[in-house]
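Have a look at the structure below, then the notes.
The values are calculated or read from the model by the stated rules, or taken from the named source; none is laboratory data. Quick caveat, the model's predicted, so the values are computed rather than measured. Here the Cβ is made from the backbone with ideal geometry for all residues, glycine too, and neighbour counts use every protein chain on show.
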Amino acid sequence: MAGGHNYGKAVDVWAAGFIAYELISGHHPLWEKNDDKTTYKEKAINFKSLKYGKRFTQFSKGLIEKLCHPKPSLRYTVDQALQHPWITRNFDAVIPRNHFE
């Protein structure tokens, strides 16, 4: 439990998105040299601050955004993530939606 919230699989999915970002880009998606806890937390909530370089395809960006959505109810499940075309490499497949889209 952190911040008064119980966490489960949704946090693991969020972390997988951050790891995918870091593997593609070579750096942490949010943390910059002059950041402090406040600026980091603000970036973690507002994903418009993610910077996607040339290494990211539209599919990889889309998957990372679904994995890292700040609201767990709008975040992909593990099963949805595993069906995403960036994972399956079936780029003609329909991109999975969550229950609220």
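Listed here are the residues, each with its yes/no results for (1) modelled with pLDDT under 90; (2) surrounded by 10 or more Cβ atoms within 10 Å (Cβ to Cβ).
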{"position": "ALA2", "(1), (2)": "yes, no"}
{"position": "HIS5", "(1), (2)": "yes, no"}
{"position": "ALA10", "(1), (2)": "yes, yes"}
{"position": "ILE19", "(1), (2)": "no, yes"}
{"position": "ILE24", "(1), (2)": "no, yes"}
{"position": "LEU50", "(1), (2)": "yes, yes"}
{"position": "PHE56", "(1), (2)": "no, yes"}
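Just to verify a result, which residue in segment 74-101, among those that are surrounded by fewer than 12 Cβ atoms within 10 Å (Cβ to Cβ) and not hydrophobic (A, V, I, L, M, F, W, C), is modelled with the lowest pLDDT?
That would be GLU101.
Kindly indicate which of LYS43, LYS33 is surrounded by 12 or more Cβ atoms within 10 Å (Cβ to Cβ) and of a type in the set (Lys, Arg).
Criteria check complete, one pass: LYS43.
Would you be able to tell me the number of residues in segment 58-73 that are within 14 Å of ALA16 (Cα to Cα) and loosely packed, with under 14 Cβ neighbours inside 10 Å?
1
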